[in-house]
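Student: Here you go, one structure.
Every number here is computed from the coordinates shown, using simple stated rules; none is lab data. As the structure is a prediction and not an experimental result, all values here were calculated from the model. When we count neighbours, we look across all protein chains shown, and the Cβ atoms used for this are built from the backbone with ideal geometry, even at glycine.
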Amino acid sequence: MRFARRFSSPADQEVAAFLAAMLAFGRVELFGAVLERLFAAAEGQPAAFVARGDFRALRGLYYRWHPTEDIVDLCGLAGQVARAGGFERMFLGRDTAERLTRAIDQLRASAPPRPSFRRFLPSPRDGSAMKRWCLFLRWMVRTEAPDLGLWQSFSPAHLVIPLDTHVFRISRLLGLVSRATPGWSAAVELTAALAKLHPADPLRYDFALAHLGISGECRGRRDEGICPACPVREICVHGR
Ligand code: SF4
């Protein structure tokens with residue numbers, strides 16, 4: 001999110017947020033370095049960069065299993081969507097699963113068939129938790145900082161939590177998720193549990209859950225030295 005916030009125009013913010021979300025996996029310092037190089041190549045104008053389609057400046061840039069061609073094609077895909085009016089109009093539908101499934105189907109239709117590239121385009125239909133896409137939607141829809149609140153057609157009440165292994169682990173400990181695997185069903189189950197506490201904005205607890213999961217502070221049981229100061233004690237069976 002820090003990358004998208006560097007830019008002032010909504011078009012630049014949307015493109016920057018999309019690229020940052022798609023590469024947001026693994027260690028933050030590693031994907032952060034890749035994004036620094038990508039945005040340096042874009043020379044402060046990511047929307048114009050992806051629209052232009054000249055990606056020679058990305059030569060040699062890769063991340064994990066994504067070779068340079070994947071990053072070039074990801075920028076090309078962002079340019080294609082931007083030329084068609086942006087991402088928001090792709091996310092129409094009754095619920096988030098439907099919105100995501102339709103958008104991914106559209107993108108898959110014109111995306112390169114390379115298996116490494118297809119990893120950018122999972123689907124709820126395949127059981128994926130859609131963590132990076134839910135992160136992108138969160139940044140576009142929620143209005144509270146650091147989220148950008150650029151889209152008006154999507155209510156924060158309909159977002160699904162970006163579920164990674166840390167959030168999944170802590171949510172299981174808290175009794176908020178019963179599913180054994182961190183897929184789409186678990187993300188929806190956790191979001192529904194959080195919506196009982198705050199129906200209009202269930203993702204307000206996302207950062208606290210992620211921090212708790214990453215820090216490893218939670219012992220999964222009542223600890224008088226930790227629980228009284230825990231940021232999610234109100235939603236935890238051990239914290240109340
Ligand atoms: S209140 Fe205690 S048990 Fe519950 S999540 Fe926080 S640290 Fe973990």
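Student: Under a crude label model (7 Å from the Cα following the beta-carbon direction), how far is Ala192 from Glu43 in nanometres?
Tutor: 5.1 nm
Student: Subtracting the Cα-Cα distance from 0.36 nm times the residue separation, let me have the gained length for Ala208 to Ser185 in nm, one decimal.
Tutor: 6.2 nm
Student: Using the number of other C-beta atoms within 10 angstrom as an exposure proxy, rank Arg64, Arg172 with the fewest first.
Tutor: Ranked by crowding around the Cβ, least crowded first: Arg64, Arg172.
Student: Just order 123-135, 85-97 by mean Cβ neighbour count inside 10 Å, highest at the front, would you? Can you show the working numbers first?
Tutor: Numbers: 123-135: 20.5, 85-97: 15.6.
The packing order, highest mean first, is 123-135, 85-97.
Student: With +1 on each Lys and Arg Cβ and -1 on each Asp and Glu Cβ, how big is the dipole of region 1-155 about its Cα centre, in debye rounded to the nearest 20?
Tutor: I would put it at about 260 debye.
Student: May I ask you to list the GluC sites (Glu not before Pro) in region 132-240 that are in a DSSP loop and have at most 12 other Cβ atoms within 10 Å of their Cβ?
Tutor: Answer in residue order: Glu144, Glu224.
Student: With Kirkwood's inverse mean 1/r over C-alpha pairs for Rh, give me the Rg to Rh ratio of region 161-240, two decimals please.
Tutor: On the way: Rg = 11.6 Å, Rh = 12.4 Å.
With Rh from the inverse mean 1/r over Cα pairs, Rg/Rh is 0.93.
Student: Still on this structure: Take the Cβ-Cβ distance between Ala200 and Glu224 as r, set R0 to 30 Å, and report the resulting FRET efficiency rounded to the nearest 0.05.
Tutor: So, using R0 = 30 Å, E works out to roughly 0.35.
Student: While we're looking at this one, here's another question. What three numbers, in Å, describe the spread of the alpha carbons of the chain along their principal axes, ordered from the longest?
Tutor: 57, 37, 34
Student: Next question. Give the peptides 68-81, 18-31 in descending order of average Cβ contacts within 10 Å, highest first.
Tutor: By packing density, highest mean first, the sequence is 68-81, 18-31.
Student: In degrees from 0 to 90, rounded to the nearest 10, what is the angle of the helix 28-41 Cα long axis to the longest principal axis of the chain?
Tutor: Its long axis makes an angle of about 30 degrees.
Student: Can I ask one more? Grab the beta carbon distance between Gln152 and Arg233, set R0 = 35 Å, and tell me the FRET efficiency rounded to 0.05. Kindly include the intermediate steps, with their values, before the conclusion.
Tutor: On the way: r = 34 Å, r/R0 = 0.97.
FRET efficiency, Gln152 to Arg233: 0.55.
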